[in-house]
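Here it is, the structure in full.
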Amino acid sequence: MKTILIVEDDETIRTGLKYFLEKENFQVIEASTCKEALLKVSNSINLLLLDLGLPDGDGFLLFQKIMEKKKIPTIFLTAVDEEVSIVRGLDMGADDYITKPFKVRELLSRINNVLRRYQRSQEDNIIHLHNLTIDLNGARVRKNNEDVFLTALEYKILLILGLNPNKVFTREQILADIWDTNEAFVNDNTLTVYIKRIREKIEDDPNHPKIILTVRGLGYKVSDQSEKVTD
Ligand code: CA
């Protein structure tokens with residue numbers, strides 16, 4: 001269930017929206033001032049409906065403050081005379097706006113569009129390799145949905161390979177990439193050790209790896225599908 005935070009000081013609009021959105025299976029949290037909104041914004045909010053004219057401040061500033069903490073998909077609720085300034089809001093990163101008075105059905109379709117778009121952009125940042133996912137949004141690696149803890153360097157090596165599945169990287173290429181960003185001294189031998197450590201963390205059977213494959217005489221590649229393992 002998705003959670004929407006409505007920030008709107010007009011009680012009729014706010015309670016009307018809450019009633020409608022709850023019937024559409026959203027969880028709704030209400031705020032009527034900037035201050036209240038800042039208290040109620042949290043990681044569990046999936047979307048923000050934000051009135052621009054609030055009694056204790058400018059909706060744009062509130063939007064900026066919230067986005068500094070966390071990027072949340074946002075639709076502005078605007079009055080007609082605020083429409084000219086909406087470009088500013090969209091430039092600041094709001095996803096959409098709707099002018100009052102509006103039809104709730106139209107708002108609903110915009111909400112669903114924004115959520116779908118956001119979901120897609122999040123998924124674009126996730127690499128799937130067998131039972132492993134690498135979430136680039138949070139540099140988070142999960143195996144069978146459980147966190148795998150890699151060191152920064154291990155993550156970097158996995159990423160070099162994982163961003164280009166099935167492409168063979170020579171040991172020299174990997175070393176050169178690491179060299180750019182890491183001060184740790186990594187040579188040919190230590191690279192072998194690092195690959196071994198990563199395999200111990202991500203492979204079901206590190207002795208018969210299925211994700212990071214050794215390409216004999218060349219280097220390594222990551223396989224994004226099940227295939228015969230030569231290692
Ligand atoms: Ca208002």
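If we scan the range 99-110, do we find a residue that is surrounded by 14 or more Cβ atoms within 10 Å (Cβ to Cβ), assigned to a strand (DSSP E or B) and in the same structural domain as Glu24 (by TED's automatic domain parsing)?
Yes, some residue in the range 99-110 is surrounded by 14 or more Cβ atoms within 10 Å (Cβ to Cβ), assigned to a strand (DSSP E or B) and in the same structural domain as Glu24 (by TED's automatic domain parsing).
Given the criterion touching a helix residue (DSSP H, G or I) at 6+ places or on another chain (Cβ under 9 Å), at pLDDT 85 or above and over 21 Å from Leu54 (Cβ atoms), identify the matching residue among Leu115, Leu77, Leu129, Leu107.
Leu129
In addition: Determine whether Lys23 is more than 13 Å from the ligand (Cβ to nearest atom) and either touching a Cys at 6+ places or on another chain (Cβ under 7 Å) or open to solvent by 60 Å² or more (accessible area, probe 1.4 Å) (or both).
yes
Quick check, is Thr78 of a type outside the set (A, V, I, L, M), under 19 Å from Ser32 (Cβ atoms) and open to solvent by less than 40 Å² (accessible area, probe 1.4 Å)?
Here the answer is yes, as Thr78 does meet what is asked.
Let me ask something additional. Quick check on the range 1-11. Is at least one of its residues at pLDDT below 95 and open to solvent by 70 Å² or more (accessible area, probe 1.4 Å)?
Yes, the conditions are met somewhere in the range 1-11.
Table: residues versus (1) more than 16 Å from the ligand (Cβ to nearest atom); (2) without any contact (Cβ under 8 Å) to a residue 40 or more places away in the chain.
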{"position": "Thr12", "(1), (2)": "no, yes"}
{"position": "Lys18", "(1), (2)": "no, yes"}
{"position": "Lys35", "(1), (2)": "no, yes"}
{"position": "Ser42", "(1), (2)": "yes, yes"}
{"position": "Leu50", "(1), (2)": "no, no"}
{"position": "Leu54", "(1), (2)": "no, no"}
{"position": "Phe60", "(1), (2)": "no, yes"}
{"position": "Lys69", "(1), (2)": "yes, yes"}
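Let me ask another. How do the pairs read when you match residues in the range 160-184 that are charged (D, E, K, R) with residues anywhere that are open to solvent by 30 Å² or more (accessible area, probe 1.4 Å) and modelled with pLDDT of 90 or more, using Cβ under 7 Å and keeping only pairs 6 or more apart or on different chains?
Lys167/Lys221
Scanning the range 71-81 for residues that are outside any helix (DSSP H, G or I) and not hydroxyl-bearing (Ser, Thr, Tyr), which turns out farthest from the ligand (Cβ to nearest atom)?
By that ranking, first place goes to Lys71.
Looking only at the range 82-91, decide whether some residue is farther than 17 Å from Val41 by Cβ, acidic (Asp, Glu) and within 16 Å of the ligand (Cβ to nearest atom).
yes
In the set Leu38, Leu47, which member is touching a strand residue (DSSP E or B) at 6+ places or on another chain (Cβ under 6 Å) and within 27 Å of Gln122 (Cα to Cα)?
Exactly one residue qualifies, and that residue is Leu47.
The values are calculated or read from the model by the stated rules, or taken from the named source; none is laboratory data. Here the structure is a predicted model, which is why all the values come from computation and not from measurement. Using ideal geometry, Cβ is built from the backbone for each residue, glycine included, and neighbour counts are taken over all protein chains shown. Side chains included, ligands, DNA and RNA excluded: accessible areas come from the protein's heavy atoms. Shrake-Rupley method; radii C 1.70, N 1.55, O 1.52, S 1.80 Å.
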